[in-house]
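Data block below; observations after.
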Amino acid sequence: MTNDYRRGSDGGRGSGRPSSRGRSGYQGTGRQSYNAGQSRGNDPASRLRGSDGPQMHNTRSRKSSSTEWLTGTPLPRRKAIMGFIGLGLGLGVFRLADYQIVEADKLRERADARRLLAQTLYAKRGTIYDRNGNVLASSVECRNIAVNPQLVEDVDKTVSALVKATGIDKKTCRKLVESDGTWVYIKRQVDEDDAAALEKKNLPGVLFEQAMKRVYPYGNLASQVLGVVNVDNDGLTGLEKQYNKLLTGTNGTLVRERARDGSYIAGGAYKKVAAVDGVDIVTTLDVNMQRAAEDALAEAVEKTKAKNGSALVTDPTTGEILAACSYPTYDQTNLENAKTEDMNLRLVTDAYEPGSVFKTLVAGAGFDLGVVRSSTSFEVPASIKVGDDTVTDADKRDYAMTMDVREMMRRSSNVGFVLVGRKIGADDFAAYVDKWGIGHSSGVDFPGESLGIVKERDQYDGATLGSMSFGQALSVSPIEIARAVGGIANGGVMMTPHFYKSSKGDEKDWGEGERAISEDAASQVTSCMQTVVSEGTGVGGAVDGYDVAGKTGTAERADANPAGGGKARSGGRSRRERRLPQGELHVVLYGLCTGTIAQGAVLYHARRNAERLRCRCGAVPVHYGQRARRAGYPAHEVGGYNLWGVVCCPI
C-alpha cells in the first residue's frame with residue numbers, strides 16, 4: 001500500500017487516512033478542505049470525475065457548528081459537549097449547596113414534620129381551694145381519642161366502638177374515620193375509665209393521647225367566680241383567667257418517630273420533656289357561705305320574678321370576698337347550654353343605678369366635711385325641683401316636714417338628701433364621689449370590671465347634683481358600692497375587694513386601704529344605718545339577737561321592653577354589724593315591679609340566710625370571729641369570721 005494518492009490534484013494534503021485494511025478508502029472526512037473549498041483531491045468522487053468535471057459540494061459544509069449561534073465562532077463538537085456537561089455540573093453543585101446549606105433547616109423541619117410526631121404532655125393545672133381547704137376546682141387525667149384512618153381495618157366495628165365510648169353522633173364519627181390524614185381527633189377529654197375500656201378492644205387505627213380536664217367537686221357552686229377553661233386548659237373567664245399564668249404551669253412534649261402509614265417505629269427517635277404542674281391557689285371564698293348566698297338569691301329572684309340578681313359578702317376590714325354570686329347561673333360542665341350573660345359575675349361586670357344605697361355615701365361626705373351631723377335638722381318640703389324634674393318622697397305626702405339627717409335616712413327621703421347635697425356643694429360633692437372610688441376600678445382581682453358612668457365635675461348640669469344626691473344620674477358596679485360602704489364599716493377606710501388569699505403558703509398583702517372619711521363620720525353613718533334596720537325601711541332585715549345596720553335602695557332604669565311605663569326597678573341593700581364590723585352583705589335585684597317587693601324580698605332572704613348560718617356556726621357567746629381565731633377555735637366550728645349583718649356577734 002502506497003501513500004502517493006494522499007495529496008489532491010492541486011497538491012494539497014487531504015485529511016484522509018489510508019485504511020488499515022488495505023482498502024482505498026478514507027476514515028477521515030477532510031472537513032477543513034470541504035469547508036474551505038480549496039481542494040477536491042481528497043474526494044474520491046472528484047477523482048473519478050476528473051479535475052475539470054462539475055463540482056459537487058457537501059451540503060453539511062453549510063451547516064454551522066452547534067455552538068456557533070452562542071459564541072459566533074464554531075467550536076469542536078467535543079468541546080461543546082464538555083461545556084454543557086460542565087454547566088450541568090455547576091448547576092447541580094449550586095442546587096446541592098442550596099439544599100445542604102441555605103435551605104437545610106427548612107427542609108429538615110419538613111422532613112421531621114412527616115417523620116416525627118410531637119404530642120403535648122399537659123401540665124396539671126393548679127387546684128383552686130376555698131379558705132378552709134375545700135377543693136373548688138381541680139384537674140384530673142383523661143385522654144383524647146383519635147384515629148389514623150390509614151390503619152383502620154374494620155370501619156363498622158371501629159365506628160361502633162368509638163360511638164359507645166365517646167357518645168358522639170354515629171354519622172359524624174364515620175365521616176372522621178373515613179377521612180384523610182394520619183391523626184384525626186374523635187373526642188377530647190374523655191374520662192379515663194371510658195378510654196381504658198376502648199383501649200382494651202385493641203382496635204387498629206384507634207389512638208390515645210394523655211390530657212387533663214377540670215372537675216368541680218361542688219358542682220356549679222361559685223361557677224361565675226371560678227370561670228372555665230378551654231380544651232387546652234387555658235383560662236377563659238373568672239379566676240381561671242385572672243390567674244391563668246399561675247395555674248397553668250408548663251406543658252411538656254413527647255416526640256416519636258413514625259412510618260409512612262403513621263405507625264410508630266420501634267427503636268426510632270424518642271424524646272420526652274416532662275411537664276411542670278401549675279401552682280395551687282387558696283381563695284377567700286367559704287363554700288358554706290357561698291352555698292347559702294346562692295340558694296337565698298335564687299329563691300329571692302324566682303319569688304319576685306326579677307330578671308336577675310346578685311349577692312356579695314365581704315370582710316370590710318380586709319377586703320376578702322367570702323361569697324359572690326349572680327342568678328341565673330350556669331354549669332361549667334355543660335357549656336353548650338350556657339348563656340353568655342349567665343356566665344358573668346354581674347357584681348363586677350355590670351353597672352346599675354345604686355338608688356338610695358348611695359345616700360350612705362352622701363351622708364358620709366356631709367359628716368366628714370362638717371356641714372351636717374346626724375342631728376342637723378332641715379325643713380323638708382313635699383317636693384323639690386331638680387333641673388326640669390320634680391322629685392318627691394316615696395310616701396307621696398303633700399306637706400312639709402322637719403327632719404334631721406337620721407330621720408331622712410330612716411325614711412329614705414329623696415327630697416331631704418337633695419337638700420343635703422346642696423349643703424355639701426357641687427365641688428365638694430364631686431370630690432367625695434372621687435374619694436369614694438365611684439367611677440374608678442375597685443381593684444378587684446377579677447376580669448371585666450365595669451366602671452359605670454359617672455360625670456366629672458365639669459360635666460355637671462342643673463340636675464346632676466340633686467339627682468346624684470339620692471343615687472340617680474349615675475351607674476356603678478355593685479363591687480364599687482360594696483367597697484365604699486365597706487369603708488364605712490371599717491371606720492372610714494376602704495379596702496381592696498379580692499378573691500386571692502395565698503399560694504405556696506404565702507399570703508398576699510393587699511395593702512392598708514384608702515381612707516375616704518374620718519372615723520367619726522363613719523360612726524355617724526353607721527348609727528343612722530342601724531336606725532334604718534331597727535325602725536325604718538329596713539326592718540325586714542332585723543335578726544333577733546344581732547345588731548344589724550343597713551340601707552335599702554330602689555332605683556329606676558330604662559327597660560328595653562317597656563311593658564309598663566318603660567321603667568324597671570332594682571332593689572338593693574348593704575348592711576353591717578355594729579360591734580365587730582367584719583362582714584358585709586350586698587344584694588341587688590333587677591327587674592322588679594315595685595320597690596317595696598324588692599326591699600322586702602331582699603331583707604327577708606338575707607334574714608333567713610343569717611339565721612341559717614347562725615345555726616350552722618353554733619352559739620359561741622364569748623369567742624367569736626377574730627376573737628375565735630385568736631382563741632384557737634377551728635374555722636369550721638365558728639365560721640372563722642363575723643359577717644357584716646349576716647352572722648354577727650351576739651349582743
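Sequence-distant contacts, meaning Cα pairs under 8 Å at least 6 residues apart, place the relative contact order of region 248-404 at 12 percent. Model label points for Trp183 and Ala104, set 7 angstrom from Cα along the Cα-to-Cβ axis, are 2.7 nm apart. For the pair region 196-243 / region 311-365, the C-alpha centres are spaced 27 Å from each other.
Packing around the peptides 363-372, 119-128, 318-327, 406-415, taken as the average count of other Cβ atoms within 10 Å per residue, puts them in this order, highest first: 318-327, 406-415, 363-372, 119-128.
So how do 235-248, 163-176, 422-435 stack up, highest first, on mean other-Cβ count within 10 Å? Don't jump to the answer; show the numbers that get you there.
Values: 235-248: 21.1, 163-176: 14.8, 422-435: 17.6.
Ranking the peptides 235-248, 163-176, 422-435 by packing returns 235-248, 422-435, 163-176.
If you plug the beta carbon distance of Lys504 and Ser160 into 1/(1 + (r/R0)^6) with R0 = 41 Å, you get a FRET efficiency near 0.25. All other residues whose Cβ lies under 9 angstrom from that of Ala323 are scored, Lys and Arg at +1 and Asp and Glu at -1, for a net of -1.
Report note on the peptides 195-205, 481-491, 280-290: ranked by the mean count of other C-beta atoms within 10 Å, highest first, their order is 481-491, 280-290, 195-205. The modelled label-to-label distance between Arg515 and Ser375, using points 7 Å beyond Cα along the C-beta direction, is 2.5 nm. Of Lys339/Lys508; Lys164/Lys200; Lys124/Lys339, which ones are farther than 22 Å apart at the Cα? Where the Cα-Cα span goes over 22 Å, the pairs concerned are Lys339/Lys508; Lys124/Lys339.
Positive-end ranking of Ala473, Ile438, Gln459 along the dipole of region 369-505, with charges on Cβ about the Cα centre, is headed by Ile438. Spatial offset of region 275-307 relative to region 398-439 amounts to 35 Å, using the alpha carbon center of each.
At the residue level, Ile101 shows approximately 130 square angstrom of accessible surface with a 1.4 angstrom probe and all protein chains present.
The values are calculated or read from the model by the stated rules, or taken from the named source; none is laboratory data. Small disclaimer: the values here were computed from a predicted structure and weren't measured. All Cβ positions, glycine included, derive from the backbone under ideal geometry; neighbour counts span all protein chains shown. To get the accessible areas, we keep the full protein, side chains included, count just its heavy atoms, and leave off ligands, DNA and RNA. Shrake-Rupley method; radii C 1.70, N 1.55, O 1.52, S 1.80 Å.
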